[in-house]
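Beneath this line is the structure, given in structure tokens, with notes to follow.
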Amino acid sequence: MKRYRNGEIWEFEQEMPGMGNDSTEVILGLDGGTTSTVCVCIPLLPFSDPLPDPLPVLARAVAGCSNHNSVGETAARETLEQVMAEALAKSGCSRSAVRAVCLAVSGVNHLTDQQRIVNWLRDIFPNRVRLSVQNDAVAALASGTLGKLHGCVLIAGTGTIAYGFTEDRREARAAGAGPTLGDWGSGYGIAAQALTAVIRAYDGRGPQTNLTGSILQKLGLSSADELIGWTYADPSWARIAALVPVVVSCAEAGDEVANKILFDSVEELALSVKAVVQRLGLCGEDGKDSFPLVMVGGVLEANKRWDIGKEVIHCISKDYPGAFPIRPKVEPAVGAALLAWNTLMEECRKDP
């Protein structure tokens, strides 16, 4: 096992002049997903002042996948440690400047996952540092609510999950179990259905579709049977999900198969949110109470005529008219940092 801890990844703390006497206290916020991992370093903002707009970000670092279910625990930890060290190095700070760390990582689904990562972080940071480990959906929610845990978030990128909190911190989630267990509506789910539709059309089990020509052209293949080799040569989730724009384009051009895939995906995504809202009672007894609905992820971005995010909101609003959609102005990593900041503020107010 490669050991980065207290090793070469932190050597910048000795090599940079002035390290060890940090005058600026900072917070690290990290958003770790299946596709990429982002860490931001922000200054510890005064608790008495309103948050500045825009929020100051001292440094930002990006690395690869940190979902331990995808790459294994060792590789995930190495990625997390690398991206945190890079963010600190860019900001000109060392670990002694850190007041709080919030890691929001996909694949963190149980208390055992959280405690295992907290124990590992405790080997890296001083005891006074406030540590928090969450699922990456929590950071996405916080990015829309500026660090407050209330409402529901729907993430639809490579994977998908719906996650919600009540004001008294009860929580619930739906979906987010990965492609094998049915993350339908995700980028992977949409693209995998499109690939399946092409194979079904090729061997006569399904209707003909323009997805065939469009996907083959995108991948530089000459025949649908070549998709089998292409798919299993590297069945990574993100590689498959990258075909979503092809599906959307075919749907916009009127292809019935592509349209059905997208409409089914809309239903699945809306169903995830509805399940969370119902379990937590976010909509109130009459089903009309207002609650924030944070929308995050490439699948939900409103950059096409076939607007998946808009259709999902429309579907949810039929049952829960109080859903208040929010497109975050800050990225989830900043949401994680704000979550840590809010936690510190609450602790400070309880123990002045």
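Details
- Among the residues of region 21-80, the ones that are under 22 Å from ILE161 (Cβ atoms), β-branched (Val, Ile, Thr) and at pLDDT below 85 come to 3 in all.
- Search result, residues across region 57-78 that are among the β-branched types (Val, Ile, Thr) and within 17 Å of the chain's Cα centre (by Cα): VAL62, VAL71
- Failed condition for ALA197, given (1) without any contact (Cβ under 8 Å) to a residue 60 or more places away in the chain; (2) not in a loop (DSSP other than H, G, I, E, B): (1)
- Among residues of region 224-276, those that are under 22 Å from GLY206 (Cβ atoms) and assigned to a loop (DSSP other than H, G, I, E, B), counted: 7
- Among the residues of region 160-185, just one is in contact with a helix residue (DSSP H, G or I) (Cβ under 6 Å, 6 or more places away or on another chain), in a loop (DSSP other than H, G, I, E, B) and on the phi > 0 side of the Ramachandran plot, namely GLY185.
- Criterion (of a type outside the set (Asp, Glu), within 28 Å of ASN69 (Cβ to Cβ) and modelled with pLDDT under 95) met by exactly one of ALA270, ALA241, ALA275: ALA241
- Qualifying residue in region 201-210 (condition: surrounded by fewer than 21 Cβ atoms within 10 Å (Cβ to Cβ) and under 17 Å from the mean Cα position of the chain (by Cα)): no
- Any hit, region 251-273, residues being among the polar types (S, T, N, Q), in contact with a helix residue (DSSP H, G or I) (Cβ under 6 Å, 6 or more places away or on another chain) and either in contact (Cβ under 8 Å) with a residue 60 or more places away in the chain or within 24 Å of THR196 (Cβ to Cβ) (or both): yes
- Close pairs from region 122-141: first more than 27 Å from ILE161 (Cβ to Cβ), partner among the small types (Gly, Ala, Ser), Cβ under 8 Å, at least 6 apart: PRO126/SER96; VAL129/ALA100
- Test: residue in region 299-314 that is out of contact with any Asp or Glu (no Cβ under 8 Å at 6 or more places or on another chain), basic (Lys, Arg) and closer than 27 Å to THR35 by Cβ: yes
- With respect to the stated conditions, GLU285 fails to be surrounded by fewer than 15 Cβ atoms within 10 Å (Cβ to Cβ), assigned by TED's automatic domain parsing to the domain that holds ALA100 and over 18 Å from the mean Cα position of the chain (by Cα).
- Among (1) part of a loop (DSSP other than H, G, I, E, B); (2) among the β-branched types (Val, Ile, Thr); (3) at pLDDT 95 or above, the one test that VAL330 misses: (3)
- Scan region 104-146 for residues that are within 23 Å of LEU88 (Cα to Cα), charged (D, E, K, R) and within 19 Å of the chain's Cα centre (by Cα) and the total you get is 1.
- Cβ-Cβ contacts under 7 Å between residues 6 or more apart (or on different chains), taken from a first residue in region 155-178 that is touching a residue at least 60 places away in the same chain (Cβ under 8 Å) and within 18 Å of SER143 (Cβ to Cβ) to a second residue that is in a loop (DSSP other than H, G, I, E, B) and aliphatic (A, V, I, L, M), are listed as GLY164/LEU282; PHE165/LEU149.
- When region 126-157 is filtered for residues that are assigned to a helix (DSSP H, G or I) and at pLDDT 90 or above, the ones remaining, listed by number, are VAL138, ALA139, ALA140, LEU141, ALA142, SER143, GLY144, THR145.
- Whichever residue in region 1-12 is in a loop (DSSP other than H, G, I, E, B) and not hydrophobic (A, V, I, L, M, F, W, C) and, among such residues, is modelled with the highest pLDDT: GLU11
- One residue stands out among those in region 290-343 that are in the same structural domain as LEU271 (by TED's automatic domain parsing) and of a type in the set (Ser, Thr, Tyr): the one that is surrounded by the most Cβ atoms within 10 Å (Cβ to Cβ), which is TYR320.
The values are calculated or read from the model by the stated rules, or taken from the named source; none is laboratory data. Keep in mind that this is a model prediction, so the values were computed, not measured. Using ideal geometry, Cβ is built from the backbone for each residue, glycine included, and neighbour counts are taken over all protein chains shown.
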